[in-house]
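The values are calculated or read from the model by the stated rules, or taken from the named source; none is laboratory data. Please read these numbers as outputs of a predicted model, since none were measured by experiment. Counting neighbours? That spans all protein chains shown, and the Cβs are built from the backbone with ideal geometry, glycine included.
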């Protein structure tokens, strides 16, 4: 049984918030280093990858095309948030076209 969308979003938001707060706690107790900085920068991307992997596994062609568009825009624009929004737009547009 799949939980409702609002529950999944709530859990993912809580996980993202937890990861962010854990980064701030880590900065308080761990000495700054390049490795720690890289780990903290990768955390939001890891959460987004988990979200998109779930959607891709449950979806089909529409989700695959939206993910491809988001990845392409990320490479071109270097904006993760903008690419994610555009990917959602692509998925919504394809759904509106009946795909």
Review point. In this structure, does residue 55 turn out to be out of contact with any strand residue (DSSP E or B) (no Cβ under 8 Å at 6 or more places or on another chain), assigned to a helix (DSSP H, G or I) and within 17 Å of residue 8 (Cα to Cα)?
Key: yes
Review point. What about residue 38, is it farther than 21 Å from residue 3 by Cβ, in a helix (DSSP H, G or I) and out of contact with any helix residue (DSSP H, G or I) (no Cβ under 9 Å at 6 or more places or on another chain)?
Key: yes
Review point. Only one of 8, 48 is in a helix (DSSP H, G or I) and under 12 Å from the mean Cα position of the chain (by Cα); which?
Key: 48
Point to revise | Pick from the stretch 70-99, criterion outside any helix (DSSP H, G or I) and out of contact with any helix residue (DSSP H, G or I) (no Cβ under 6 Å at 6 or more places or on another chain), ranking: surrounded by the fewest Cβ atoms within 10 Å (Cβ to Cβ) | key: 98
Check your understanding: Pairs, please: C-beta under 6 Å, at least 6 apart or cross-chain, first residue more than 16 Å from residue 45 (Cβ to Cβ) and in the stretch 11-34, second at pLDDT below 85?
Key -> 30/36
Exercise for review: Quick one: in the stretch 51-68, of everything that is surrounded by 11 or more Cβ atoms within 10 Å (Cβ to Cβ) and more than 14 Å from the chain's Cα centre (by Cα), which residue is nearest to residue 93 (Cα to Cα)?
Suggested key: 62
